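Asker: Structure incoming, see below.
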Amino acid sequence: MSTKSVVPRDSLQAKKHEVVRREIWDAAIRLFHAHGFNEVTIDQIAELAGVSRRTYFRYFSSKEDVMGSMVKNYGAGLTQAILAEESGLSSFEAAKAAITKVLVPTLSVTERILQIAHRSPAARMAQFLEVPMLEEELAKAFATRVKRKGLPSLEDRILASITLSMTGLCVEMWVAQQNRPMNKIVDEVFHAVRRACSPEDGKRR
């Protein structure tokens, strides 16, 4: 009898699905960055990805969906990272650690996406529309960390909003100062927020 493990068919299908989705997404970002979000067509994306137009629509409903998926993916990674941080950390410190872990491996593609969004109001709007749902998921993660039952509290929601704002600021600072390590930028931004919210605490640090 063979000792090789059998990979479930559903698992293989899921992996194939993710590979195709990633190929379409990569093709779209390459074209958006090279030619502009508004100028690129779905047919061009499908051709570069090596799929049919019909297959494209199995994975993304529009060009805007491609841009919005970046926010969704980042949010999912950030939420998981926050939940995985040590329970001894404050929620604020957990957010700081999570942002560093999630941002650093994706900086090159994040920079390209930021450039695409800066050049196209439609691309920016596609990302902006995903923010409320992302904030809600982050607020739930912060509530879970402190074992809060029921809906996220006002504090959880504020932390979620601050976390997203700091993420955007960290990325913009990194783009402008690429000779600086992202972890140093994250430290600077979080220290500045702490000083702004609690000046005396900021001085002590």
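The values are calculated or read from the model by the stated rules, or taken from the named source; none is laboratory data. Since the model is a prediction, treat every value here as computed from it, not as a measurement. Virtual Cβ from ideal backbone geometry, glycine too; neighbours counted across all protein chains shown.
Asker: So which of T144, T100 ends up being in a helix (DSSP H, G or I) and over 21 Å from H191 (Cβ atoms)? Quick ask: steps written out before the conclusion?
Answerer: Working: T100 fails: over 21 Å from H191 (Cβ atoms).
Every option except T144 fails the conditions.
Asker: Given (1) modelled with pLDDT of 95 or more; (2) buried (at least 19 other Cβ atoms within 10 Å of the Cβ); (3) more than 24 Å from T106 (Cα to Cα), identify the lone condition not met by R157.
Answerer: Unmet for R157, out of (1) modelled with pLDDT of 95 or more; (2) buried (at least 19 other Cβ atoms within 10 Å of the Cβ); (3) more than 24 Å from T106 (Cα to Cα): (2).
Asker: R54 is checked against (1) at pLDDT 95 or above; (2) in contact with a helix residue (DSSP H, G or I) (Cβ under 8 Å, 6 or more places away or on another chain) and fails just one. What number does that condition carry?
Answerer: The failed condition is (2).
Asker: Also, I was wondering about something else. Considering only residues that are assigned to a helix (DSSP H, G or I) and either of a type in the set (A, V, I, L, M, F, W, C) or exposed (fewer than 15 other Cβ atoms within 10 Å of the Cβ) (or both), which ones fall in region 120-135? Outline the logic, then answer.
Answerer: First, pick out the residues of region 120-135 that are assigned to a helix (DSSP H, G or I): 121-128, 131-135.
Matches in region 120-135: P121, A122, A123, M125, A126, F128, V131, P132, M133, L134.
Asker: Looking at (1) closer than 22 Å to V193 by Cα; (2) in contact (Cβ under 8 Å) with a residue 24 or more places away in the chain, which is the one condition that is false for A126?
Answerer: Only one criterion is unmet by A126, namely (1).
Asker: So, one more: What's the total number of residues in region 136-150 that are touching a Gly at 6+ places or on another chain (Cβ under 9 Å) and surrounded by fewer than 20 Cβ atoms within 10 Å (Cβ to Cβ)?
Answerer: Applying the first criterion (touching a Gly at 6+ places or on another chain (Cβ under 9 Å)) to region 136-150 yields 137-138, 143.
Filter once more, keeping what is surrounded by fewer than 20 Cβ atoms within 10 Å (Cβ to Cβ): 137.
Going through region 136-150 one residue at a time, the tally reaches 1.
Asker: In region 30-53, what residues are outside any loop (DSSP other than H, G, I, E, B) and either in contact with an Asp or Glu (Cβ under 8 Å, 6 or more places away or on another chain) or buried (at least 18 other Cβ atoms within 10 Å of the Cβ) (or both)?
Answerer: L31, F32, I45, A46, A49, R53
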